[in-house]
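The values are calculated or read from the model by the stated rules, or taken from the named source; none is laboratory data. Here the structure is a predicted model, which means the values were calculated and not measured. Positions of Cβ are backbone-derived with ideal geometry, glycine not excepted, and every protein chain shown enters the neighbour counts.
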């Protein structure tokens, strides 16, 4: 047996047996690793797409493996592997390098196709490498991939099962067959309000999608109605159930900084009696805020005191105490743990100004070995994006 073969099997055995596991997502990366991709949110049976992964491997070198676990019904064709050997079996796509290439950013390309068995699921991804004789695993944030309803034949009316009726008052609902969509708006402050969308009459187990067109407005989701996917992009807010639950109604709510909902429009897409259906969500029923007859004071200006920034230093599926994190990274400051999207996330600091949080992030990167600390934002106890917090608090983005 050659020396190279013995070395190869030793590396494989080390990856299989010795493990020091670390966890990361796209914004919270260990060892400086960064992963980005353009995976779609939905994919129809029989459809294909070209997907690119960009991996910033930082200072890693030598043997490495990047593994992607796809849901049942997904087929893969490799296009670019950056010198890695590639295999695809049992839904696992594996890129294996005996020696990582010299460039610090790797671009991997695959054709992803869905066959007749695809019903949606979650894509998980890991990058593994060897350091100081031990295996390191970096797990990136899972990506949901829903089953998209197939488009009806050309020229066929989407709502062939029944015509759409006119808007009814005062319920402000639209009904097509048994599916009813209704929206209500309630003002929470002088310049913001809460939108609620309620859907009834849908078929359980079928694809269901709510699409809201917001334009320049930014929504702060409050209740996702157990949706499998929620996404906000290009002025759209989208909720997707790849199989609608067996409940009489679904309800989603979100807050938006607007004095009225007149510019917001939306649609519901689903499958009814085997046919694709799309219907407009009607204008909102306005719910006036309750008055307080005991007070004759003028309404106060909206308060921004509930907007705050912290610095996230670690995210893991393993439950750790704040003291364990402090000891592991020799950090004397306060550590707070929160559960968010299935992760245990650890943050430090409390700032009302983004600039102060940014400076704290720079300090932590310089003085401690936290894996890629970054700024997070909150509205009260609810985590929101930094962009939303800056917009609400009217602060400038300072890098």
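Count of the stretch 239-255 residues, restricted to those that are farther than 16 Å from residue 182 by Cα and under 20 Å from the mean Cα position of the chain (by Cα), is 6. A search for C-beta distances below 7 Å between a residue of the stretch 370-381 that is within 18 Å of residue 327 (Cα to Cα) and any residue that is assigned to a loop (DSSP other than H, G, I, E, B), counting only pairs 6+ apart in sequence or on different chains, returns 370/329; 371/24; 371/29; 372/29.
Show me the strands (runs of 3 or more DSSP E) found entirely inside the stretch 342-399 where at least 1 residues are touching a helix residue (DSSP H, G or I) at 6+ places or on another chain (Cβ under 7 Å) and closer than 26 Å to residue 328 by Cα. If you could, list the steps in order and put the result at the bottom.
Details: elements: 343-351, 374-379, 382-384.
Ranges flagged: 343-351, 374-379.
Screening 238, 247 for residues that are within 17 Å of residue 120 (Cβ to Cβ), surrounded by fewer than 21 Cβ atoms within 10 Å (Cβ to Cβ) and not assigned by TED's automatic domain parsing to the domain that holds residue 38 leaves exactly one candidate, 238. Looking across the stretch 246-275 at every residue that is modelled with pLDDT of 85 or more and out of contact with any strand residue (DSSP E or B) (no Cβ under 9 Å at 6 or more places or on another chain), the one that is nearest to residue 217 (Cα to Cα) is identified as 247. Report yes if some residue within the stretch 144-160 is modelled with pLDDT of 50 or more and assigned to a loop (DSSP other than H, G, I, E, B); otherwise report no. Looking through the stretch 144-160, at least one residue is modelled with pLDDT of 50 or more and assigned to a loop (DSSP other than H, G, I, E, B).
For residues in the stretch 312-351 being on the phi > 0 side of the Ramachandran plot and in contact with a strand residue (DSSP E or B) (Cβ under 9 Å, 6 or more places away or on another chain), which is surrounded by the most Cβ atoms within 10 Å (Cβ to Cβ)? Filtering the stretch 312-351 for residues that are on the phi > 0 side of the Ramachandran plot and in contact with a strand residue (DSSP E or B) (Cβ under 9 Å, 6 or more places away or on another chain), the one surrounded by the most Cβ atoms within 10 Å (Cβ to Cβ) comes out as 349. Scanning the stretch 190-238 for residues that are within 15 Å of the chain's Cα centre (by Cα) and not in a loop (DSSP other than H, G, I, E, B) yields a count of 13.
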